[in-house]
Structures are given as C-alpha cells and as structure tokens.
Amino acid sequence: FYVRSFDDGRPFEEISGKATLTAPGMAGVAHYEQPKVNTIDLPAGTISPTLHMNRLVEAAEAGEYVMTHEVFDGSDPDVISTVSAFIGQARVSTIDTEHGKEQRWPVHLAYYSGNTGVDTPDFQISFDLSNQGVLYDIVLDYGEFALQADLEEMEAYDTPVCQ
C-alpha cells in the first residue's frame with residue numbers, strides 16, 4: 001500500500017508498507033515502512049478497498065442492500081475501518097457501453113474506526129456505483145464539511161501483474 005497526501009499541491013504525508021493475509025478471509029499483518037516502521041495485526045475477514053469495491057458491485061448485482069466489512073487501506077496505522085454499505089435500487093443510465101446500458105446503484109458508505117467512543121461514523125461517502133465499478137457523483141462527508149467530486153475523465157490501464 002502507498003498513500004500520498006497533498007496540501008496546496010505539495011506532498012504533505014507519505015505512508016507505505018505491505019499488508020498480507022495468511023489466506024483469504026484469515027488474519028494477517030500490515031508492515032509499515034513510512035512514516036515510521038510499525039507492524040499491526042489485521043483481524044480475520046479484513047479486506048482491501050479494491051476487494052471491498054468488487055464486493056459492493058457483486059452485492060448490488062445480487063440485489064443485496066446492506067453489507068459490512070473490516071477494510072484496511074493503510075492510511076492510518078491505528079485504524080482498520082468497519083465500513084457499513086447501504087445500496088439503493090438499481091437505475092439504468094442512458095449511457096451505452098460495450099456491455100449494453102450501464103446499470104448504476106446509489107451507495108452510501110459509513111466508516112467507523114471504533115476509536116471515537118461514539119456510534120456515529122467518522123467519515124461517510126455517497127456515490128452512484130456502475131456495474132463496471134466506476135463511481136459517479138461522489139460526496140465525501142467529513143462531518144464538519146463535505147466535498148463533491150465529479151468524474152471528468154477516465155483512462156483504462158492494463159491489468160497489473162500481482163506478485
């Protein structure tokens with residue numbers, strides 16, 4: 001994992017390391033290399049943000065409306081987020097793709113760290129999720145302020161080879 005944050009266009013923070021699970025669905029560890037060397041345990045069932053997105057699409061296509069996972073993204077060495085997902089009714093967009101009309105679901109994610117001592121989420125994201133895993137009309141809600149993001153351009157990359 002590699003997380004890089006910017007402040008006013010300048011690099012502000014870099015976090016990197018490697019997370020491994022003993023097997024899918026099993027426990028694992030995350031070794032941080034920067035900003036400081038550290039190791040944390042990953043509980044059984046922890047998944048990556050990419051796998052979480054795949055599971056969101058699978059759940060939406062299966063007609064499921066609620067799911068919860070432990071998600072590790074590496075952005076904070078003290079936090080493995082419990083992410084509750086709420087998936088709305090599918091809508092068919094007017095966009096033609098090579099696979100036909102694109103299907104989209106409204107999705108709301110609530111992130112809980114368990115570190116705050118309250119039952120409200122630390123962070124929330126709302127978006128429309130396409131059956132291709134693309135996010136549209138994103139709203140990032142930090143509680144005291146929110147940001148809206150719109151997809152302007154998308155470029156396909158070759159599938160990476162994982163080791």
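The values are calculated or read from the model by the stated rules, or taken from the named source; none is laboratory data. Keep in mind that this is a model prediction, so the values were computed, not measured. Every residue, glycine as well, gets a Cβ built from its backbone with ideal geometry; the counts of neighbours run over all protein chains shown. Quick note on the areas: whole protein, heavy atoms, side chains included, nothing else; ligands and nucleic acids left out. Shrake-Rupley method; radii C 1.70, N 1.55, O 1.52, S 1.80 Å.
Each residue in the range 26-47 was checked for being within 19 Å of the chain's Cα centre (by Cα) and open to solvent by 50 Å² or more (accessible area, probe 1.4 Å), and 2 of them qualify. Scanning the range 1-14 for residues that are hydroxyl-bearing (Ser, Thr, Tyr) and either modelled with pLDDT of 90 or more or open to solvent by 90 Å² or more (accessible area, probe 1.4 Å) (or both) yields one hit, 2. Scanning the range 133-148 for residues that are among the charged types (D, E, K, R) and in contact with a strand residue (DSSP E or B) (Cβ under 9 Å, 6 or more places away or on another chain) returns 137, 141.
Give the residue that is modelled with the lowest pLDDT, with candidates limited to residues of the range 91-124 that are closer than 21 Å to residue 50 by Cα and over 18 Å from the mean Cα position of the chain (by Cα). Among those that are closer than 21 Å to residue 50 by Cα and over 18 Å from the mean Cα position of the chain (by Cα), it is 102. Just so you know, in the range 49-60 the residues that are open to solvent by 40 Å² or more (accessible area, probe 1.4 Å) and over 12 Å from residue 130 (Cα atoms) include one that is nearest to the chain's Cα centre (by Cα), and it is 49. Sub-6 Å Cβ pairs linking a first residue in the range 146-163 that is farther than 11 Å from residue 136 by Cα to a second residue that is open to solvent by less than 100 Å² (accessible area, probe 1.4 Å) and not in a loop (DSSP other than H, G, I, E, B), at least 6 apart or interchain, are 146/139; 147/140, ordered by first then second residue. A single member of 85, 30, 44 is among the hydrophobic types (A, V, I, L, M, F, W, C), farther than 17 Å from residue 125 by Cα and assigned to a strand (DSSP E or B), and it is 30. Among the residues examined, residue 63 does not qualify as out of contact with any Lys or Arg (no Cβ under 6 Å at 6 or more places or on another chain), outside any strand (DSSP E or B), in contact (Cβ under 8 Å) with a residue 24 or more places away in the chain and farther than 18 Å from residue 135 by Cβ.
Screening 17, 74 for residues that are assigned to a strand (DSSP E or B), surrounded by 11 or more Cβ atoms within 10 Å (Cβ to Cβ) and touching a residue at least 40 places away in the same chain (Cβ under 8 Å) leaves exactly one candidate, 17.
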